[in-house]
Amino acid sequence: MIVPIVERLKREERQILIFTHENPDGDGIGSMLGLYLFLKKKGKDVVAGMKDSVPYIYNFLPKCEEIQKLPIDRKFEIAILVDAASKSRAGVDINAKEVIRIDHHIGGSFESPYDYIEVGCPSTTYLVGEILRHWDEEEIDQEIATCLYTGLITDTGSFRYNNTNNRTFEMAEFLVSKGADPFHISKMIFERNKLSTLLLLQKSLSTLELHCGGRITLMTVFRDFLREVGAVEEETEGFVNFARSIEGVEVAILMIQKEDHYTWRVSLRGKGEINVQQIASSLGGGGHKDAAGCRLRGEYSEVKNRLIETSKKFLKQKKEALVV
Ligand SMILES: [Mn+2]
């Protein structure tokens, strides 16, 4: 329901915090900034914040330098969480009396009666776009459109994934009519690679393993790789898609080793019938049907085997379901 959140934000006169998940992607930052810029134009007292700094590939986004680093030592009356299933995904404590969630992830917690959640939506920026269009289409300018378009293309893999449909293109058309420049935005995100990113990809590809007759692929980014090529963790964005791109792959897994060498950030991507969100959630994570993630702790081979065995189990279940 779009009316409650729009009416609520129109009425709000206190300071509003907008925040997103840690390791932010184009959709998280795009939704946060798009909403932030619009609310500012409407005269609202608004702060945008996240745990991490803005990743290099998104540093072209308008006013991204205004994003504050969380935690902020202040209590907010109201906060808006975008593109995350629960406020714990922020990676820091959020000191807010009330949290409203705008999101398209499966499951997650309901934070407020004003939540605007639609699981079938291509991106959270799509939902923010709907809210702003419902409120005041005239106020959507080139900067806001650029932020929202960014989330739309990053979450749909540049209109390639199965969340791409007529609604995706209708929103893209609208945002382009408001000044979003598809060529410029794609160039800024995808055509400014650092050499260190390519060297990191080279090392990571050398770890590629195929399991279950090529239906499962797994790649690892060890902490040492980052040090050896002078890269940072955010440069691994999109690596998992190389593992998924191989013919016949149904589940692609990327393991990223954290600073303690014992914690692993895991990305899962699906292709076809399999629902990787179920795999992730059985391991304490979450996400969407084709893109999900979780965090695991343990020795490398132990965590790797757990991921492969769990994926196998879900592939087997899928096969049995098809036979029945
Ligand atoms: Mn998203």
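Just a few scattered comments:
- Qualifying residue in segment 216-227 (condition: open to solvent by 60 Å² or more (accessible area, probe 1.4 Å) and touching a residue at least 12 places away in the same chain (Cβ under 8 Å)): no
- Number of positions in segment 223-242 that are out of contact with any helix residue (DSSP H, G or I) (no Cβ under 6 Å at 6 or more places or on another chain), more than 19 Å from LEU268 (Cβ to Cβ) and not acidic (Asp, Glu): 4
- Of all residues in segment 98-121, those satisfying the criterion of being farther than 20 Å from GLU12 by Cβ and within 16 Å of the ligand (Cβ to nearest atom) are HIS104, HIS105, ILE106, GLY107, GLY108, GLU118, VAL119, GLY120, CYS121.
- Taking segment 285-324 as the range and being more than 15 Å from TRP264 (Cα to Cα), assigned to a loop (DSSP other than H, G, I, E, B) and either open to solvent by less than 30 Å² (accessible area, probe 1.4 Å) or not β-branched (Val, Ile, Thr) (or both) as the test, the residues that pass are HIS288, LYS289, ASP290.
- Condition met for ILE140 (surrounded by fewer than 24 Cβ atoms within 10 Å (Cβ to Cβ) and among the β-branched types (Val, Ile, Thr)): no
The values are calculated or read from the model by the stated rules, or taken from the named source; none is laboratory data. This one's a predicted model, so the numbers in the text were calculated from it and none came from an experiment. In this analysis, Cβ positions are derived from the backbone assuming ideal geometry, glycine residues included, and neighbour counts consider all displayed protein chains. Quick note on the areas: whole protein, heavy atoms, side chains included, nothing else; ligands and nucleic acids left out. Shrake-Rupley method; radii C 1.70, N 1.55, O 1.52, S 1.80 Å.
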